[in-house]
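**Student:** A single structure is presented below for examination.
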Amino acid sequence: MNYSQKKIRDEWYPKKSLPTAILPIPLHATRLKERGFNQAVEIARPIAKAFHLPLLTDQIIRMKSTPPQATLPAAKRKQNIKNAFLIKQSLHHQHIAVVDDVITTGNTVYEFCRVLKKQGVERISVWCCARATSSKIVY
């Protein structure tokens, strides 16, 4: 078990059950084509494999092509990401781990989770590699 897996199991979920699926934040098709990969998927893939969890990559799409959140001031990020995600397939999991690489203001993950809640997901865990501690989350 590597460090990340140990941290997830021993520190985040020592006495409660793991999520039943992992759902990386999707990129818009244009950005995915430019970059060639989705960093959230690449982060989530080995974790899903290690814990034998389904990696959901086709259920939700980013239908709105937006400027990168990092290029915008915090106050503009909420509006930028609003209504950017669309559910393509029903989600049959009641506890999902959402994976993103970096969370700064939290607006992207907040909007993504709003869509999941609307779909009926009861519990959402947010996993990320880095979190800006000096940023104020704006909702």
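**Student:** Which of the numbered conditions does Val98 fail, given that it passes all the others? Conditions: (1) surrounded by fewer than 16 Cβ atoms within 10 Å (Cβ to Cβ); (2) of a type in the set (Val, Ile, Thr); (3) closer than 23 Å to Ala132 by Cα.
**Tutor:** For Val98, the failing item is (1).
**Student:** Sort out which residues of the range 94-111 are within 22 Å of Ser17 (Cβ to Cβ) and either hydrophobic (A, V, I, L, M, F, W, C) or touching a Pro at 6+ places or on another chain (Cβ under 7 Å) (or both), and write them in order of number.
**Tutor:** Residues satisfying the conditions are His95, Ile96, Ala97, Val98, Val99, Val109.
**Student:** Looking at Pro26, Pro14, which one is within 22 Å of Tyr110 (Cβ to Cβ), part of a loop (DSSP other than H, G, I, E, B) and of a type outside the set (S, T, N, Q)? Even if it seems obvious, please write down each step before you answer.
**Tutor:** Numbers: Pro14 fails: within 22 Å of Tyr110 (Cβ to Cβ).
Result of the check over Pro26, Pro14: Pro26.
**Student:** Moving on to the next point. Please give the number of the condition Asp58 fails out of (1) part of a helix (DSSP H, G or I); (2) exposed (fewer than 10 other Cβ atoms within 10 Å of the Cβ); (3) touching a residue at least 24 places away in the same chain (Cβ under 8 Å).
**Tutor:** Among (1) part of a helix (DSSP H, G or I); (2) exposed (fewer than 10 other Cβ atoms within 10 Å of the Cβ); (3) touching a residue at least 24 places away in the same chain (Cβ under 8 Å), Asp58 violates only (1).
**Student:** If you go through the range 61-98, how many residues are assigned to a loop (DSSP other than H, G, I, E, B) and either of a type in the set (A, V, I, L, M, F, W, C) or closer than 12 Å to Ile25 by Cβ (or both)? Walk me through how you get there before you give the answer.
**Tutor:** Kept after step one, since they are assigned to a loop (DSSP other than H, G, I, E, B), are these residues of the range 61-98: 63-68, 72-73, 82-84, 88-94.
Among the residues that remain, those that are also either of a type in the set (A, V, I, L, M, F, W, C) or closer than 12 Å to Ile25 by Cβ (or both) are: 63, 72, 84, 91.
Number of matching residues: 4.
**Student:** Please go through the range 6-49 and give me each residue that is among the polar types (S, T, N, Q) and either farther than 29 Å from Pro68 by Cα or more than 12 Å from the chain's Cα centre (by Cα) (or both), ordered by number.
**Tutor:** First, pick out the residues of the range 6-49 that are among the polar types (S, T, N, Q): 17, 20, 30, 38-39.
Hits for the range 6-49 are Ser17, Thr20, Thr30.
**Student:** Any idea how many residues of the range 114-123 are surrounded by fewer than 19 Cβ atoms within 10 Å (Cβ to Cβ) and within 12 Å of the chain's Cα centre (by Cα)? Write out each step before concluding.
**Tutor:** So the first thing to find is which residues in the range 114-123 are surrounded by fewer than 19 Cβ atoms within 10 Å (Cβ to Cβ), and the list is 114-115, 117-120, 122-123.
Those still in the list that are within 12 Å of the chain's Cα centre (by Cα) too: 114-115.
Residues in the range 114-123 being surrounded by fewer than 19 Cβ atoms within 10 Å (Cβ to Cβ) and within 12 Å of the chain's Cα centre (by Cα): 2 in total.
**Student:** Every residue in the range 66-89 that is under 17 Å from the mean Cα position of the chain (by Cα) and either of a type in the set (Asp, Glu) or surrounded by fewer than 12 Cβ atoms within 10 Å (Cβ to Cβ) (or both), please.
**Tutor:** Answer for the range 66-89, where residues must be under 17 Å from the mean Cα position of the chain (by Cα) and either of a type in the set (Asp, Glu) or surrounded by fewer than 12 Cβ atoms within 10 Å (Cβ to Cβ) (or both): Pro68, Ala70, Asn83, Lys88, Gln89.
**Student:** Further, regarding this structure: Regarding the range 100-107, can at least one residue be identified that is of a type outside the set (Val, Ile, Thr), over 19 Å from Glu42 (Cβ atoms), modelled with pLDDT of 95 or more and touching a Lys or Arg at 6+ places or on another chain (Cβ under 6 Å)? Let's see the steps before the verdict.
**Tutor:** Filtering the range 100-107 down to residues of a type outside the set (Val, Ile, Thr) leaves 100-101, 106-107.
Filter again for over 19 Å from Glu42 (Cβ atoms), leaving 106-107.
Subset that is modelled with pLDDT of 95 or more: none.
No, there is no match, as no residue in the range 100-107 is of a type outside the set (Val, Ile, Thr), over 19 Å from Glu42 (Cβ atoms), modelled with pLDDT of 95 or more and touching a Lys or Arg at 6+ places or on another chain (Cβ under 6 Å).
**Student:** Okay, moving on. Could you list, in sequence order, the residues of the range 31-55 that are more than 18 Å from Phe112 (Cβ to Cβ) and part of a helix (DSSP H, G or I)?
**Tutor:** Lys33, Glu34, Arg35, Arg45, Pro46, Lys49, Ala50, Phe51 - these are the residues of the range 31-55 that are more than 18 Å from Phe112 (Cβ to Cβ) and part of a helix (DSSP H, G or I).
**Student:** Let me ask another. Determine which member of the set Arg35, Arg9 is touching a Phe, Trp or Tyr at 6+ places or on another chain (Cβ under 9 Å) and farther than 12 Å from Trp127 by Cβ.
**Tutor:** Details: Arg35 fails: touching a Phe, Trp or Tyr at 6+ places or on another chain (Cβ under 9 Å).
Just one listed residue meets the conditions, Arg9.
The values are calculated or read from the model by the stated rules, or taken from the named source; none is laboratory data. Here the structure is a predicted model, which means the values were calculated and not measured. With ideal geometry, Cβ positions are generated from the backbone for all residues, glycine too; neighbour counts draw on all protein chains shown.
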